[in-house]
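Step one of this worksheet: look at the structure below.
The values are calculated or read from the model by the stated rules, or taken from the named source; none is laboratory data. Everything numeric here is computed off the predicted structure, so don't read it as measured data. Glycine gets a Cβ as well: all are built from the backbone with ideal geometry, and neighbour counts include every protein chain shown. To get the accessible areas, we keep the full protein, side chains included, count just its heavy atoms, and leave off ligands, DNA and RNA. Shrake-Rupley method; radii C 1.70, N 1.55, O 1.52, S 1.80 Å.
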Amino acid sequence: MKKIELKQTGVILDDNHRYWAAGKELHGITGVIKRHIFPDMYEGVSEKVLDAKKEYGTMVHEALEVFDEFGTRSEELTTEVNSYEVMKGLNKIDVLRSEYIVTDYERYATPIDKVILKDGRLAIADVKTTYTLNKKYVSWQLSICKYLFGLVNPKLKIEGLYAIHIKDGMVRLVEVEEVPAEDVQRLLAADARGEVVTFDNQVTIAIDEKKALALIGKIATELAIKKEIEEHIERFESELKAMCEGLSAFKIDNDMFTLTKTADYERMSFDSKMFAEEHPALFEQYKKKTPVKGGIKYKLK
């Protein structure tokens with residue numbers, strides 16, 4: 001395989017996380033995404049919590065970068081690094097560069113966490129340590145990165161976008177969808193003009209997510225209680241059935257309870273699947289459509 005050469009941009013990232021090129025300060029893309037796509041992303045989250053998450057995220061990024069570069073394992077993050085190594089092996093990943101800075105040479109610059117080869121195909125990945133992976137955010141982030149990568153390396157083609165999600169010390173690789181390049185260009189152009197851009201293909205959902213989370217949490221708690229109760233009921237019913245095993249049909253009806261044991265019997269049923277296979281035309285003639293009201297699905301992550 002021909003060696004892939006990544007062009008250097010000359011952009012410098014200083015200790016204050018500011019980007020500079022030829023004496024000119026460039027802007028990162030995190031603020032762009034927050035201003036236009038996720039304006040309320042961290043609303044209601046305390047600075048203390050955000051700082052703690054940011055510190056852990058920084059430690060993880062550095063530990064993975066050192067491991068990719070030198071094979072050295074962090075003592076504080078051994079579980080994460082070991083899981084990361086396993087993930088790379090399972091997904092046939094080779095890391096070409098960590099923290100590779102891309103830019104449009106005029107206004108924006110950002111580092112790509114990992115430029116990788118996955119199954120021999122060039123791709124980019126971002127390391128996330130949030131408890132829940134925000135795929136939409138990562139999609140926008142990596143799509144912008146891909147667009148800027150193309151400006152820096154016009155002869156190279158990115159063929160995949162991935163999140164490296166670290167949760168409870170375990171690492172998984174998640175493929176994310178790409179935002180169309182024209183939307184990325186429109187976003188950056190509007191931001192450069194100081195305008196706020198909206199996208200017709202984005203659906204605004206008028207729902208209180210905090211309230212929804214609280215309700216789902218309550219449902220999860222009640223379902224856990226329900227499951228335990230159902231297990232108790234199932235055990236008691238099994239004991240009651242065992243008491244009646246081998247007895248003929250009977251009925252007990254007193255002031256305290258009613259207990260009926262029925263005789264064994266065969267139930268007739270209609271095999272609609274076989275009928276449809278053997279008589280498809282007739283099946284279509286008598287098939288009945290019934291409207292079903294849409295519902296909701298939910299789970300805690």
**Request:** Using per-residue counts of other Cβ atoms within 10 Å, averaged over each peptide, order 157-170, 100-113, 232-245 from highest down.
**Result:** 100-113, 157-170, 232-245
**Message:** Can you tell me which lysines have their Cα less than 16 Å from the Cα of Lys118? Leave out same-chain residues fewer than eight positions away.
**Reply:** Lys2, Lys3, Lys88, Lys92, Lys146, Lys157
**Complete:** Per the helix-only model, the chain has a calculated mean residue ellipticity at 222 nm (DSSP H runs of ≥4, -39500 (n - 2.57) each, divided over all residues, rounded to the nearest 500) of -13500 deg cm²/dmol
**Request:** Indicate the gyration tensor shape class of region 110-211 (rounded, prolate or oblate), computed on the Cα atoms with a ≥ b ≥ c the square roots of the eigenvalues: a/c under 1.5 is rounded; otherwise a/b larger than b/c is prolate and the rest oblate.
**Result:** oblate
**Request:** Specify the inter-centroid distance of region 18-67 and region 247-281, based on alpha-carbon positions, in whole Å.
**Result:** 63
**Asked** Among 181-192, 248-259, how do they line up from the highest to the lowest mean number of other beta-carbon atoms within 10 Å?
**Response** 181-192, 248-259
**Message:** When only alpha-carbon atoms are used, what values of Rg and Dmax, in angstrom, describe the chain?
**Reply:** 29.0, 95
**Message:** Let me spell out the model: positive unit charges on the Cβ of Lys and Arg, negative unit charges on the Cβ of Asp and Glu, origin at the Cα centre of region 67-147. What dipole size does that give, in debye rounded to 20?
**Reply:** 460
**Asked** Between Gln285, Gly217, Ile158, whose Cα lies farthest towards the positive end of the dipole of the chain when Lys and Arg beta carbons carry +1 and Asp and Glu beta carbons carry -1, centred on the Cα centre?
**Response** Gln285
**Asked** For the chain, modelled as a GNM with alpha-carbon contacts under 10 angstrom, which of Thr290, Thr58, Thr260 fluctuates the most?
**Response** Thr290
**Among Phe67, His27, Ser83 the positive-end extreme of the charge dipole of region 17-85 (Cβ point charges)** = His27
**Request:** Answer with one residue from Val174, Ala192, Ser46: the one whose Cα lies farthest towards the positive end of the charge dipole of the chain, charges on Cβ with Lys, Arg +1 and Asp, Glu -1.
**Result:** Ala192
**Asked** At a 1.4 Å probe radius, carbon and sulfur cover how many percent of the accessible area of region 235-301?
**Response** 56
**Item:** Along each principal axis, Cα extent of region 138-191, largest first, Å
**Value:** 38, 27, 15
**Asked** Give or take rounding to whole Å, what are the principal axis extents of the alpha carbon atoms in region 172-275, in descending order?
**Response** 85, 43, 30
**Prompt:** Rounded if a/c is under 1.5, else prolate if a/b beats b/c, else oblate: with a ≥ b ≥ c from the C-alpha gyration tensor eigenvalues square-rooted, which is region 1-118?
**Reply:** oblate
**Asked** Once both axes come from the Cα atoms, what is the angle between helix 135-152 and the longest principal axis of the chain, in degrees from 0 to 90, rounded to 10?
**Response** 30
**Item:** the chain, accessible area per residue, ligands and nucleic acids excluded (1.4 Å, Å²)
**Value:** 72
**Prompt:** How much of the accessible area of region 1-102, in percent, comes from carbon and sulfur atoms when a 1.4 Å probe is used?
**Reply:** 51
**Message:** Only Cα pairs within less than 10 Å get springs; with that Gaussian network setup on the chain, which residue of His17, His27, His279 has the largest fluctuation?
**Reply:** His279
**Asked** Hey, got the dipole for region 213-301? About the Cα centre, +1 on K and R Cβ, -1 on D and E Cβ, debye to the nearest 20?
**Response** 800
**Message:** For the chain, set up a GNM with springs between Cα atoms under 10 Å and report which of Gly150, Gly246, Gly31 has the largest fluctuation.
**Reply:** Gly246
**Message:** How are the alpha carbon pair distances in region 59-173 distributed across 5 Å bins from zero to the largest one, expressed in percent?
**Reply:** 2, 12, 22, 24, 20, 12, 6, 2, 0
